[in-house]
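Data block below; observations after.
The values are calculated or read from the model by the stated rules, or taken from the named source; none is laboratory data. Keep in mind the model is a prediction, meaning the values are calculated, not measured. Because the Cβ atoms are built from the backbone with ideal geometry, glycine has one as well, and the counts that use them run over all protein chains shown. Side chains are part of the model used for accessible areas, which takes the heavy atoms of the whole protein and leaves out ligands, DNA and RNA. Shrake-Rupley method; radii C 1.70, N 1.55, O 1.52, S 1.80 Å.
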Amino acid sequence: MFAEVYVNLGVTKMDHPFTYAVPEELEETVRPGSEVTVPMRGRKLRGFVMTVEKECPMDEKKVRYILDASDPHAGEGELFALAGFIRERYGGTLGQALSVVFPATTNATVKTFKIVKRTGNIEKALDDLLAKKRHSKYTEKLFQILKDNGTIKWDDLRQDYDIPSATIRDAEKSDLVSVEDHTALRNPFEKLNYLKEERPDIELNDEQKAILGDFLKKRPAVSLIHGVTGSGKTLLYIAMIEQVLKEGKQAIVLIPEIALTLQNIMRFYRFFGDRVSCINSRMNPSLKKDQFERARVGEVSVMIGPRSALFTPFTNLGLIIVDEEHETSYVSEHPPKYHAVEVAVERGRLNHAPVVLGSATPSVTSYYHAMNGDYQLYTLEKRANDAALPDVSIVDMRDELKQGNRSILSRKLYSSIKDRLAKNEQVMLFINRRGVAGTVSCRECGTVIKCEHCDVPMSLHRDGFLHCHYCGAKRPMVHECPSCHSKLIGTMRAGTEKIESEVKRLFPQSRILRMDADTTKGADGFHDILKAFNDHKADILIGTQMIVKGHDFPGVTLMGILAADLSLNIPDYRASERTFDLLLQACGRSGRGENPGEAVIQTYQPENFAVVSAAKNDYGYFFREETAYRRLLHYPPFMHLLTVEITARTEEGCIAMGSFITERLKNAFPGLFISGPNPCPVSKVKDVYRYEVVIKDSDYDALIKARKLMDEAITDENAPKNADLWYDFE
């Protein structure tokens, strides 16, 4: 037998499997997914078996033998296939794809504990011991404990009963007890056991029951649940999961990191108890490893988490749910830049497991698939508790300026906040900025103060320094324009700290919490703020995007959206979609309890269709307008898009590599639309330059072929050196 073994050497030219012979004694062990040790250039290296064949693809005399191997964990063959899919679809090396599917946990410390177990005739040994006039009191105590319990932790014997280690070892030498090492797999919800007794019944309304019944009958490969905010999508997910668990299968629930709050996870824990676990970016590697191992050995059946939860090693996966499927955080920022929704659909296909996508603001691409019949579309048009959607008003901030109001708050929002505070109701204020102020610029010539290392505007913080939010660099505030030397230089737009100060000034009796990247740096900062607000220990919560994602605060009856149009001006064809998502999700936080809700959108572009459709809660109108724009300009979903990011230490290196690959592409694919190389919107980060080449085509396979050609081209001896390529498919 011969195995194709992948060894991650970190060299692009050697990013392929190597053929090794399988020794006869290892034939039962070596299978796809096995971790093996192989000889290579005088070293012993670890690798993974990709395939096992009876025929050797090369001269057998040149093939060396595998040195040792470990049995693959159940289900890892399927995860290897998933890694192959990621490598094929998103580029990068196979090693990078494998590192995504099998997160590196080699440095994770595994906690272990010893178990002392009776193996001999303890009763007789105890009787013999007591028959002696003089004997060890510690040995007597040990035998008595084991007689009563059978097994006990080593640490309990040492700490609770003060029995010396030597006494335990003497009993082990006499074959009366055995000492075994066990891995301590920690449960992140151990402190929440009291909630198991509060398991509520699953009570679905007519809309939810109809969807559940149709879903269980058809089991469509991919479903999209489009439900208004507060329509009870989570309860529907729970009902679906319950059915899957009854069938002896497991489920994965993906939630954006920003919405992965204790409040959200508790909804699942109350129904399924210790059968649920979760992972998140704030967990240390060893705790993450414990959760994957608990899933592997069958301790848990439901895993909740961000993108990486998709690679939970379940052996009988029956359902994948992607909540808030429109979220950009489902696209990896690091190569390979895979899209978790697409990979979820592929893992579902490999397992014959349905994939359910859910959102109040589905991505244009997903909704387009649903309209074309590629996905099964389900719609929830009512809020779960029959609560009315919030009353939304748009305030034109240009008119506010004309009327002499230069405050952060419009007159409408000010009066609404005052009214809610008088009624002891809660208020949320959302802005997608942070810092005392945003851009620092010259009002004479327009120069913006940027980071010297990242080519992005710096922000002024309360400490008086300008901070870069990409690399962490800081510098003193400037008081003179570096270009024209004008003194008319200052801050533009307010951030969360400035808003907090202004609201405190206007409403001095109110209790205010601020939630942004600066106030949630600690391990529990995020949850502490949300819990305090949920417990009504504050009247007003001010924050960035993290306050509008998946939270349910019954006491909130007013949502104020400040600078709603900031995200309309980003250099991205999806700017309108991003803005619509944010505004509709933000408005949906209001009025989820007994009292009616209100939302106030403050904007300088009140006529923009994304703002208007969000205020009307009209996804259909937004979808028609957005798809008309994308069809006209040949953007996804009407054309496939491949963005090739080129990084190098010099700008010349980026340009040389960009020119090299575009020339190769134009020669090989004359009909392909190719633009670039051009500087990225953020053209430098941490002293690394970034350029991009954009490729469009209606045939996705054409982009795959283009990517493969570029992979081959950069290994050419004539290719420019010291530049890297990263791929982003849409």
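A few remarks follow.
One line per residue, one yes/no per condition, for (1) at pLDDT 90 or above; (2) farther than 20 Å from Gln96 by Cβ; (3) surrounded by 13 or more Cβ atoms within 10 Å (Cβ to Cβ):
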position: Pro681; (1), (2), (3): no, yes, no
position: Tyr689; (1), (2), (3): yes, yes, yes
position: Asp697; (1), (2), (3): yes, yes, yes
position: Glu712; (1), (2), (3): no, no, no
position: Glu717; (1), (2), (3): no, yes, no
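- Ala628 being over 22 Å from Thr93 (Cβ atoms), aliphatic (A, V, I, L, M), at pLDDT 90 or above and surrounded by fewer than 14 Cβ atoms within 10 Å (Cβ to Cβ): yes
- Scanning region 169-181 for residues that are part of a helix (DSSP H, G or I) and out of contact with any strand residue (DSSP E or B) (no Cβ under 6 Å at 6 or more places or on another chain) yields a count of 3.
- Scan of region 576-595 for residues that are surrounded by fewer than 19 Cβ atoms within 10 Å (Cβ to Cβ) and within 13 Å of Gly230 (Cα to Cα), ordered by number: Gly593, Glu594
- Any hit, region 127-140, residues being under 16 Å from Phe113 (Cβ atoms) and part of a helix (DSSP H, G or I): no
- The listed residues are Met58, Met50, and the only one of them that is open to solvent by 20 Å² or more (accessible area, probe 1.4 Å), out of contact with any Ser or Thr (no Cβ under 7 Å at 6 or more places or on another chain) and closer than 29 Å to Ala713 by Cα turns out to be Met50.
- The condition (being open to solvent by 10 Å² or more (accessible area, probe 1.4 Å) and either closer than 23 Å to His339 by Cα or of a type in the set (A, V, I, L, M, F, W, C) (or both)) is satisfied by just one residue among Thr328, Thr312: Thr328.
- Taken over region 239-253, the criterion of being of a type in the set (Gly, Ala, Ser) and either in contact with a strand residue (DSSP E or B) (Cβ under 7 Å, 6 or more places away or on another chain) or outside any helix (DSSP H, G or I) (or both) is satisfied by Gly248, Ala251.
- Residue list for region 587-625, filter: among the hydrophobic types (A, V, I, L, M, F, W, C) and more than 28 Å from Glu425 (Cβ to Cβ): Phe609, Ala610, Phe622, Phe623
- Checking each residue in region 273-287 for being within 23 Å of Lys249 (Cβ to Cβ) and touching a residue at least 40 places away in the same chain (Cβ under 8 Å) picks out Gly273, Asp274, Val276, Ser277, Cys278.
- Some residue of region 266-286 being basic (Lys, Arg) and over 14 Å from Phe189 (Cα atoms): yes
- If you go through region 555-575 and keep only what is surrounded by 23 or more Cβ atoms within 10 Å (Cβ to Cβ), small (Gly, Ala, Ser) and touching a residue at least 60 places away in the same chain (Cβ under 8 Å), you end up with just Gly560.
- When each of Ile408, Ile394, Ile417 is tested for being β-branched (Val, Ile, Thr) and in a loop (DSSP other than H, G, I, E, B), the lone residue that passes is Ile408.
- Selection of first residues in region 343-365 that are touching a residue at least 60 places away in the same chain (Cβ under 8 Å) and on the phi < 0 side of the Ramachandran plot and of second residues that are assigned to a helix (DSSP H, G or I) and not hydrophobic (A, V, I, L, M, F, W, C), restricted to Cβ pairs under 6 Å at least 6 apart or on distinct chains, gives the following pairs, ordered by first then second residue: Leu350/Glu78; Val355/Gly348; Leu357/Ser366; Gly358/Lys233; Thr361/Asp581; Val364/Glu577; Val364/Glu626.
- Among the residues listed as Lys196, Lys141, Lys191, Lys133, the single one being modelled with pLDDT under 85, more than 30 Å from Val341 (Cβ to Cβ), open to solvent by 20 Å² or more (accessible area, probe 1.4 Å) and touching a helix residue (DSSP H, G or I) at 6+ places or on another chain (Cβ under 9 Å): Lys196
- When we screen Pro32, Pro17 for residues that are in contact with a Gly (Cβ under 7 Å, 6 or more places away or on another chain), surrounded by fewer than 19 Cβ atoms within 10 Å (Cβ to Cβ) and within 15 Å of Leu94 (Cβ to Cβ), the only hit is Pro32.
- Of the criteria (1) open to solvent by less than 40 Å² (accessible area, probe 1.4 Å); (2) over 19 Å from the mean Cα position of the chain (by Cα); (3) not polar (S, T, N, Q), which one Leu350 fails: (1)
- Residue within region 665-676 that is aromatic (Phe, Trp, Tyr) and either outside any strand (DSSP E or B) or at positive phi (or both) present: yes
- Filter result for Ser407 (polar (S, T, N, Q) and surrounded by fewer than 21 Cβ atoms within 10 Å (Cβ to Cβ)): yes
- Index of the failed condition, Ala295 passing every other in (1) within 17 Å of Val244 (Cα to Cα); (2) at pLDDT below 90; (3) open to solvent by 10 Å² or more (accessible area, probe 1.4 Å): (3)
- Candidates Lys450, Lys537, Lys498, Lys504: the one that is touching a Ser or Thr at 6+ places or on another chain (Cβ under 8 Å), over 26 Å from Ser281 (Cβ atoms), at pLDDT 80 or above and open to solvent by 60 Å² or more (accessible area, probe 1.4 Å) is Lys504.
- Within region 149-179, the set of residues being open to solvent by 90 Å² or more (accessible area, probe 1.4 Å), free of Cβ contacts under 8 Å to residues at least 40 places away in the same chain and over 48 Å from the mean Cα position of the chain (by Cα) comprises Lys173 only.
- Hey, Pro57 part of a loop (DSSP other than H, G, I, E, B) and at pLDDT below 80 or not: no
- Taking the conditions (1) more than 30 Å from Ala723 (Cβ to Cβ); (2) touching a helix residue (DSSP H, G or I) at 6+ places or on another chain (Cβ under 9 Å) in turn, Gly588 satisfies each one other than (2).
- Selection from region 102-129 of residues that are in contact with a strand residue (DSSP E or B) (Cβ under 8 Å, 6 or more places away or on another chain) and modelled with pLDDT under 70: Val110, Lys111
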